1. Work the Kirkwood hydrodynamic radius out for segment 168-217: mean of 1/r over every pair of different alpha-carbon atoms, inverted, in Å.
2. In terms of modelled amide H atoms, which long-range or inter-chain residues lie less than 5 Å from the amide H of CYS310?
3. Using the Cα atoms of segment 283-389, I'd like the radius of gyration and the largest Cα-Cα distance, Dmax, both in angstrom.
4. Please compare each pair in LYS259/LYS345; LYS105/LYS259; LYS213/LYS345; LYS184/LYS297; LYS184/LYS220 to a cut-off of 31 Å on the Cα-Cα distance and tell me which ones are over it.
5. Taking the Cβ of GLY303 as the centre, find all other residues whose Cβ is under 10 Å away and add up their charges (Lys, Arg: +1; Asp, Glu: -1).
6. Nothing charged except the Cβ atoms of Lys and Arg (+1) and of Asp and Glu (-1): what's the magnitude of the dipole of segment 94-221 about its Cα centre? Round to the nearest 20 debye.
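Only the coordinates and a few stated rules stand behind these numbers; no lab work does. A quick note: this is a predicted structure, and the numbers were derived from the prediction, not measured. Neighbour counts run over all protein chains shown; Cβ positions are idealised from the backbone, glycine included.
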Amino acid sequence: MEELSERATERERERERERERERERERGCTEAETPLSITSPLKIRTDQVWNMGCWDFLKDFFLGFWDYETPKVMVVKNRKLGVIYRAVQFLVITYFIWYVFISQKAYQETETRPESSVYTEMRGVAMLGDFVLDTTEYVQPSEGGDVISTILRREVTHNQRQGSCAEHYNVAKANCTKDSDCKKGESDFDGHGQRTGRCIPYYNYTFKTCEIKSWCPIEKYAVVREPALEQAVNFTVFIKNAIHFPKFKVLRGNIKPNKPKKLLRCHYHPETNPYCPVFSLGFIAAQAREKFTELCKTGGIIGVFINWKCDFDLDPSACIPTYSFRRLDMRKNLASSGYYYRFAKYYYKDGVEYRSLIKAYGIRLDVIVHGHAGRFSLIPTIINTVTAMTSVGICSIICDWIMLTFIDKNEVFSEKKFDDVSKEPKEPIPTDLTLTSFGSSHSDLSDGVPL
């Protein structure tokens, strides 16, 4: 009996130890399945540095720097998305081929600030009543340059001399009734001279104005307005221009050196006479969309633009300038519109100096030269080619956004496209479970013990 009792006790102990080992295995599985909690990237990195050492950390960082990373390729069987992708690709490629390379010639190095010189000359003779007017009379300045003007209408004040006379009645505080109304030594901004302190009749009129020291008679009272020089519509302007592109060492001109006599009888035409820079004033006014008769009344400033756009991949002789015209001053019906200037012709009579004051209205031509030249260069070609190839990548970005925003409703594509490398597959945890039999040649206690 004692032997049987000891055996039963031993079996009970073995079973208890088995239950204890089973509980330990369950606790181990629970701890293995618990996810890693990352509280702070800085703390993890600091722990790594302290655990593996500064040298090992820097070594791993340096070696990892040279790792090659490649994007994941995923084929999406979606017809709409494919059509959008190819359409965007077509637009990007067409833009770079047609606009960037063909139109803008991005494969060339360019120069946009050339050196330029301009010489102008005006020709023509006109009759004003019985007077003959040539270029000496109506052209300013006479030596030519990038600015030239011609007189179309004059307002002349004859026989002016230094003295005292009445101020014009439109000048502020010029009207008076007695001498005390005129302060001696005072000058008005819009006046014609310095006041003497006297109040005198306004020339042959009954009312009075303050007396001034000036060139008398004043312009507004004695001016004579001459008729417009409408024959100037046929005056011609010769514009000689030479341009130099120092980067490409190319010098070009707007006339042919071997045909100087042709310039005496030709007029500019963009197709038949591109090397004849002779323009009539009527042609210039028409190209600037202005009426010549209106310009004769008020005058005006017109810009003559010489545009050189040269492609030196071709022969330099193919570089021919083009001309355009545009009015530069304010339009008519404005207080500041038009163009005029004053000058005087001086002479002596009986030992006294006189002058004829001339207010001239006319057309001023401002010659403005623009130059742009290009020639093939390897560096801009490579840069713009790489830019074009890189820009094609925009198509993928656009389509990815469309796919993930409008098409991927069930997040099927996002699961395939993005891989979270921080989620490593779980390793199977060995259980090391061993089945041990504790049987004997005797019957188990559950079977009963024979007495």
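1. Hydrodynamic radius (Kirkwood, Cα only) of segment 168-217 equals 10.6 Å.
2. Residues meeting the criterion, in which the H sits 1.01 Å from N, are HIS372, ALA373, GLY374.
3. 23.8, 87
4. LYS259/LYS345; LYS105/LYS259; LYS184/LYS297
5. Charge balance near GLY303 sits at +1.
6. That gives segment 94-221 a dipole magnitude of about 760 debye.
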